[in-house]
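Notes to accompany the following structure.
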Ligand SMILES: CC(C)(COP(=O)(O)OP(=O)(O)OC[C@H]1O[C@@H](n2cnc3c(N)ncnc32)[C@H](O)[C@@H]1OP(=O)(O)O)[C@@H](O)C(=O)NCCC(=O)NCCS
């Protein structure tokens, strides 16, 4: 029995890609391990959240939790941590695109915006130009200035 999920950024891109494929998300433009926070139960990768930092704006992407580990607060904790890290690195606003997780992201404070009003830096990413369907919803929220964290643990029992 595993009693907690550990969130950190120690991972390999192959692991992240395998999880994204299992969750139906694109992997073509994934390159930088450092841009991911991940959730692990023991050695198993349960979830990921990626962040592309583009000056004062950030693109939250590749948010995925393995089906076996969903509805335990893992994605929320991963997104909170990714956004907090972006804030410590100077981001003031976070953006994302999603095809069917709008309700989840609304719970994190994101609101839909017109795709045309996305900043040029975000519109220039591969996610926007090539990977996300035109039907995907663009969403945005503010990133508050935040302190360094001592690490995050999610109280989630093993299924
Ligand atoms: C969307 C996804 C990341 C959510 O992961 P999760 O770990 O199950 O989410 P959490 O447990 O942290 O949920 C946080 C809150 O959002 C809600 N929520 C989770 N998934 C939801 C969904 N699909 N629709 C509506 N609400 C959802 C939860 O009920 C929870 O609310 P609560 O705290 O009031 O109970 C996961 O379903 C997934 O990997 N989907 C496939 C990939 C994808 O679509 N990613 C998003 C686009 S990048």
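Since every read-out is calculated from the coordinates, none of them should be taken as a lab result. Since the model is a prediction, treat every value here as computed from it, not as a measurement. No Cβ is skipped: glycine too gets one built from the backbone with ideal geometry, and neighbour counts run over all protein chains shown.
Mind sorting 25, 131 by how few other Cβ atoms lie within 10 Å of their own Cβ, fewest first?
Details: 25 20, 131 16.
Ordered by Cβ neighbours within 10 Å, fewest first: 131, 25.
Order the peptides 55-62, 9-16 from the highest to the lowest mean number of other Cβ atoms within 10 Å of their residues. Mind showing how you got there, number by number?
Details: 55-62: 22.1, 9-16: 14.4.
Listed from highest to lowest mean packing, they are 55-62, 9-16.
Once you keep just the Cα pairs under 8 angstrom separated by 6 or more residues, what percentage relative contact order results for segment 4-148? Before the final figure, lay out each step's value.
Values: 250 pairs, mean separation 31.7, N = 145.
Computed over segment 4-148, the figure is 22 percent.
Per 0.36 nm of contour for each residue apart, how much would the distance between residue 113 and residue 144 grow if the chain were fully extended, relative to their Cα-Cα spacing?
That works out to 9.3 nm of additional length.
When ranked by the protection proxy of mean other Cβ atoms within 10 Å per residue, highest first, what sequence do the peptides 132-142, 118-128 form?
Working: 132-142: 15.0, 118-128: 16.5.
Going by the mean number of other Cβ atoms within 10 Å, highest first, we get 118-128, 132-142.
Roughly what angle does helix 74-88 make with the longest principal axis of the chain, taking Cα atoms, 0 to 90 degrees, to the nearest 10?
60
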